[in-house]
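Everything on this sheet refers to the single structure shown next.
The values are calculated or read from the model by the stated rules, or taken from the named source; none is laboratory data. Everything numeric here is computed off the predicted structure, so don't read it as measured data. When we count neighbours, we look across all protein chains shown, and the Cβ atoms used for this are built from the backbone with ideal geometry, even at glycine.
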Amino acid sequence: MGERKQRSRVHLDEHEQEMAHDESNWLVSYADMMTLLFGFFVLMYSMTRFDNAKFDLVRKEVAKYFGGNIKEISAVLLAEQKIVNILKGSGEMNGVEIIRDGENTLLLKFDGEVLFESGAVEVKEAAKPNLRKVVSALRSIEGVNKIAVEGHTDGDTMSSAGLVKSNWELSSLRAGSVVRYFEESGVDSDLLSAIGYGSSKPLAPEKDKAGVVLPANKALNRRVVVAVTLDDAEAAYKLQQKQFSKQLTKEEVEHQKKEADLQAKMKLAQVRFEEAQKRHKEQMEQRRKEQQLEKLQRKIEDLENKAQKYESELTPPTQ
């Protein structure tokens, strides 16, 4: 009897262990399912296209609807911070002043001796690493609309007999030299412009009331200013708001589709026209060359006929 109970207990223990093992099997399937779901959602997320402009627009509208306000750092302030960090990190802030001019313009004012030797119009080699860092910062700033380089001089008259005869030439050539360096360093040439103001826009008077020259003020007036104009963020936001809120009708959608098809056909027709025009020009040029050769051949034949005629009229020499 005792032996039977012992066997029964052993059997129950084995059965309980088997049941416990069987109950844990669902974890394997569950883990596989969760892994597959995780991979699926990662794949779906990677295939989505995130529109930053629309997200920013919705973010602002939601905050406005609930009576909130989103504090943002202006593009000019971000650009200023980026340039300051780059120049400070290289220890090249001496002789460079960064000024915010309005809501969308940033001014980089370089002292004259920082970029140029006295009377020179080419950027000196010692200043190029500094300018290269400025170029790197400008290329990394989003929304740059225009980069105008301004050249300024003091009021001293030029005594050179060469190319630089006045402060107008000196300031213009210096501004052009900086623009050329920016372009060669990868800045889009469509954004660049060079302006020479000569001594017409001084920052400080160069003489006191007694007529004594103030060298410090003259040095202050000798400068190069890089004016960086950024896109108008408010205007861009309003344009996005208008485009985002507009609901297109069926007719407008159909019109846009037809317009896109016609634009594509227009491009193909333009390419075909240019190819035909090119072949026509080549054919006309070839025909012109052939006509020149024919004309030259006729002249040769005419000269040969005349020569033959004169030769036939000659009397043979007497023996």
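Things to note:
- Condition check for Glu103: in a loop (DSSP other than H, G, I, E, B) and under 20 Å from Glu80 (Cα atoms): yes
- Of all residues making up the range 169-197, the number that are in a loop (DSSP other than H, G, I, E, B) and over 20 Å from Lys124 (Cα atoms): 2
- Qualifying residue in the range 222-244 (condition: assigned to a helix (DSSP H, G or I) and modelled with pLDDT of 85 or more): no
- Members of the range 200-233 found to be more than 25 Å from Ser172 (Cβ to Cβ) and within 34 Å of the chain's Cα centre (by Cα), listed by number: Leu230, Asp231, Asp232, Ala233
- Among (1) surrounded by 15 or more Cβ atoms within 10 Å (Cβ to Cβ); (2) more than 16 Å from Glu97 (Cα to Cα), the one test that Lys207 misses: (1)
- Considering Lys218, Lys258, Lys201, the condition of being among the charged types (D, E, K, R), surrounded by 11 or more Cβ atoms within 10 Å (Cβ to Cβ), at pLDDT 80 or above and not in a loop (DSSP other than H, G, I, E, B) is satisfied by Lys218 alone.
- Under the condition of being without any contact (Cβ under 8 Å) to a residue 24 or more places away in the chain and not hydrophobic (A, V, I, L, M, F, W, C), the residues counted in the range 189-215 number 9.
- Qualifying positions in the range 125-168 - among the β-branched types (Val, Ile, Thr) and either assigned to a strand (DSSP E or B) or not assigned by TED's automatic domain parsing to the domain that holds Gly196 (or both): Val144, Ile147, Val149
- Qualifying residue in the range 33-41 (condition: modelled with pLDDT of 60 or more, surrounded by fewer than 11 Cβ atoms within 10 Å (Cβ to Cβ) and part of a loop (DSSP other than H, G, I, E, B)): no
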